[in-house]
Amino acid sequence: MTDQVNPAKVQKIPKINGVRGMNDLLPADAAQWTHLEHVLRDLTRAYGYEFLRTPIVEATAVFQRGIGEVTDIVEKEMYSFEDRLNGEQLTLRPEGTAALVRSVIENNLLYEGPKRLWYTGPMFRHERPQRGRYRQFHQFGIEALGFAGPDIDAEMILMGQRLWDELGLQGVRLEINSLGQANERAEHRTALVAYFEKNQEQLDEDSQRRLLTNPLRILDSKNPAMQDLIEGAPKLLDFLGEESLKHFEAVQALLKANNIPCKINPRLVRGLDYYNLTVFEWITEELGAQGTIAGGGRYDPLIERMGGKAAPACGWAMGMERVLELMKVSGSLPEPQAQCDVFVIHQGGETLTAAMIIAERLRNAGVDVILFCPPDGQTASFKSQMKKADASGATYAVIIGPDELAKDEAQLKELRSSGEQKAVALDSVVEAVIDAIVGATE
Ligand code: ATP
Ligand code: MG
């Protein structure tokens, strides 16, 4: 029988939960993120890309203009609100490019010539949360502004391939397409509208609307019932002029010369409105429906469209959660690392004072230290502290009890292999620890 509980006595204060689709990063997963961030930092440095950080909140117009009104993001996914104090229309950024371009224009960064830039941070989209799809997620992205040639498209794709290699990810497939230029898309659009009008009864509701606003986006539909119709639609590639084809072929030739396999996917149109010429995506089969881990392309019209002096540009963005998930399923996450090198044990009072001083000296010397702090603010048995030292992953324990302190000493104990323990003068603890660490790595 269960105990009878008096409900009057257990008036619990209700807890407050996080927002649906917005996740905490818990300590157990922090090391994976740090690892990924390090790899990304090294990658950008290897190619001469500079870091640029924009605010999380922008004027809504940045995304309306920068992404395009007839896109999933602007139509239904943005967290927009009015600033209660001054009535400004604001939006939590749903992606990085539009805001970065806003900043580049505002700060006149292209004044001295082209720029290679990168960014990372949280993005916000009101979507149905599921595996690999969240309402707050994180992107890493690179943008090269002021470069017109196919060389930069190829460089950026090489960076992606290098990244998958660095992260130990195999089987990430590259798909590539060319969206040509506006006039070529206009011709294609005419043919496309004629085709879809002829088959209007097969269009779903979203596509009926897009037929009037942005028929190219019908090709992006994920509705399975639409796939046969889409398959038979006129292909943009057949409408490309000489210049566009030359650019596309040059990108492919550079990729081939660098042994980067890619598949031309004539149906790849990308979700955002501002792309032209090269577009590409990296796709994996390992993550179910959310298989696109990164994508991007050329967006030559955007800078002018955002109010800057016309300049060509190219970039791609990656979903960090999806990449980490892929690393998890393919077993390429790094081993978790120990929290610290040394765990310091004491018995409170003067031994605490001495322990804290020693811990600081160790940190001055670059050693990572956890100092035992008793949960009840009093002290704890030697045994329970040793258990904590063990669980911390520390390689050494430094023990300062009353007996040790009376002799101006500490005990230095190896925790992982030998278990060896020896007395060390308090003044020489730092030296002894460093000798031990260096000795162990030799
Ligand atoms: P999808 O087709 O999966 O909705 P998208 O075309 O909307 O992706 P982009 O705007 O190109 O995505 O963003 C680049 C990358 O960011 C995507 O390839 C994906 O890895 C990631 N991403 C996009 N939306 C989300 C989300 N809601 N949650 C987690 N990652 C996301
Ligand atoms: Mg999307």
Point to revise | Axial C-alpha extent at least 27 Å, average Kyte-Doolittle at least -1.0 - helices from the chain (DSSP) | key: 27-46
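Restricting to Cα pairs below 8 Å that are 6+ residues apart, what does the relative contact order work out to for the chain? Please round to a whole percent.
14 percent
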Check your understanding: So, in Å, what gap is there between the alpha-carbon centers of region 26-71 and region 219-273?
Key -> 26 Å
Check your understanding: Can you give the FRET efficiency for I13 and Q378, using 1/(1 + (r/R0)^6), R0 = 35 Å, r = Cβ-Cβ distance, to the nearest 0.05?
Key -> 0.80
Study note, to complete from the structure: Assertion target for L212, L324, L302, ordered by fewest C-beta neighbours within 10 angstrom first, is L212, L324, L302
Study note, to complete from the structure: Candidates G401, G296, G149; GNM for the chain (alpha-carbon contacts under 10 Å) flags as most fluctuating G401
Point to revise | H138 long-range amide H proximity, modeled H, under 5 Å | key: M123, M320, E321
Review point. Once you charge only the Cβ atoms, +1 for Lys and Arg and -1 for Asp and Glu, what is the size of the charge dipole of the chain about its Cα centre, to the nearest 20 debye?
Key: 880 debye
Check your understanding: Per-residue ellipticity at 222 nm for the chain, helices alone: DSSP H runs ≥ 4 residues times -39500 (n - 2.57), over residue total, nearest 500 deg cm²/dmol?
Key -> -11000 deg cm²/dmol
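Sorted by average packing, counted as other Cβ atoms within 10 angstrom per residue and highest first, what order do 81-93, 157-169 take?
Ranking the peptides 81-93, 157-169 by packing returns 157-169, 81-93.
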Practice item. Would you mind working out the magnitude of the charge dipole of region 342-434 relative to its Cα centre, with +1 at each Lys and Arg C-beta and -1 at each Asp and Glu C-beta, to the nearest 20 Debye? Key: 300 debye
Practice item. On each of the three principal axes of the Cα atoms of region 342-434, give max minus min coordinate, whole Å, ordered largest first. Key: 32, 27, 23
Practice item. Take the chain, connect every pair of alpha-carbon atoms lying under 10 Å apart with a spring to form a Gaussian network, then pick out the residue of K246, K115, K383 with the largest mean-square fluctuation. Key: K383
Review point. At a Förster distance of 25 Å, what's the computed FRET efficiency of A365 paired with D408, Cβ-Cβ distance as r, to 0.05?
Key: 0.80
Study note, to complete from the structure: Of the residues L163, G113, Q89, the Cα lying farthest along the dipole of region 24-166 towards its positive end, which is defined by charges on the beta carbon of Lys, Arg, Asp and Glu, belongs to Q89
Exercise for review: Could you check which residue among Q136, Q378, Q200 shows the biggest mean-square fluctuation in a GNM of the chain with a 10 Å Cα cutoff?
Suggested key: Q378
Check your understanding: Along the Cα-to-Cβ line of R209, 7 Å from the Cα, sits a label point; which residues in region 40-83 have backbone N less than 13 Å from it?
Key -> 69-78
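Throughout, read-outs are computed from the coordinates displayed, never taken from laboratory work. Everything quoted here is computed from the prediction, not taken from an experiment. Positions of Cβ are generated from backbone atoms using ideal geometry, with glycine treated the same way; all protein chains shown enter the neighbour counts.
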